[in-house]
Amino acid sequence: MSGVFKMIRKGNVKVNKKKKKQDYRLQEGDLVRVWEASAPTPAKSLLTLSANEKKLIERCIVYEDENILLCNKPPGMVMHAGSNHLHGLTELVRSCTQNPHFTFVHRIDKMTSGLVIGSKNLSTARKLSKLIRERSIEKRYVMLVHGNIKTNHFTLDTFLKTEGDRVRVHPDATDGAKKSSSTFSVMQRGPKRTMLEAVIHTGRKHQLRVQLAEIGHPIVGDMKYGRIENIKETKSEMFLFSQSLVIPSLTIHVTLPVPDVFSSSISL
């Protein structure tokens, strides 16, 4: 199954000549093309982890039951092997747990830290993917942004479209742009920065990063959508943290403490 996900991620499976996410549901009339040259290869053997790598993954695991595993991903770690990375969090967890069927059902960016949902088997992966499609999983993020935001609560509704390696804001839904909605609340204000909590109502690529940059308050440390002064910063992480995951139907509610570096950096 991981081979199929890898094909989808690499664009070797297209629907109506376009890449789709792995949780896309086929519609009547869809044309699916698969490139045989990139067909899934047999599952690779599990990695041999060092003692430090095992400890790292064991510390990352913050919730586990017979079917589901939640990880607190460190900043700077990719989710999957590929793009010049020999392995990612997926391969490390798979090897640490000795479960070749383990996979994550969603992803966060390399420099984003925090909670991600993993499945130990195919049936649970399907169930979780369905809950994500139905927006039945609540995800909350904490971020540190440039500027002082005066409004305590606000919602951003924008139309986003992936163009190359970036996501851009469009005026409407034409040309394949998709509506994206996020609700924000101010947690703390500093002299030149603001700490926000966000609930995302749609899971678009780079959604929070693009929306906040569009209103002039980019996330601190965001080298793709941030201001020019971000380049001069010495921080090695982006201040975007996946803090909370709630899955009501499975009575799972996990909230992590905000990393200390967020509070210590708000006054910089």
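Do we have any residue at all in the stretch 64-84 that's of a type in the set (Ser, Thr, Tyr) and either in the same structural domain as MET238 (by TED's automatic domain parsing) or not in a loop (DSSP other than H, G, I, E, B) (or both)? Scanning the stretch 64-84, I find no residue that is of a type in the set (Ser, Thr, Tyr) and either in the same structural domain as MET238 (by TED's automatic domain parsing) or not in a loop (DSSP other than H, G, I, E, B) (or both), so the answer is no. Go through the residues of the stretch 171-184 one by one and say whether even a single one is within 16 Å of the chain's Cα centre (by Cα) and crowded, with 16+ Cβ neighbours inside 10 Å. The answer is yes, given that some residue of the stretch 171-184 is within 16 Å of the chain's Cα centre (by Cα) and crowded, with 16+ Cβ neighbours inside 10 Å. With respect to the stated conditions, VAL116 fails to be outside any helix (DSSP H, G or I), touching a His at 6+ places or on another chain (Cβ under 6 Å) and touching a residue at least 24 places away in the same chain (Cβ under 8 Å).
In the condition set (1) modelled with pLDDT under 75; (2) in a loop (DSSP other than H, G, I, E, B), ILE108 is compliant with all but (1).
The values are calculated or read from the model by the stated rules, or taken from the named source; none is laboratory data. Note that the coordinates shown come from a computational prediction; the quantities given were computed from them, not determined experimentally. Cβ sites come from the backbone with ideal geometry, for glycine too, and all protein chains shown count toward neighbours.
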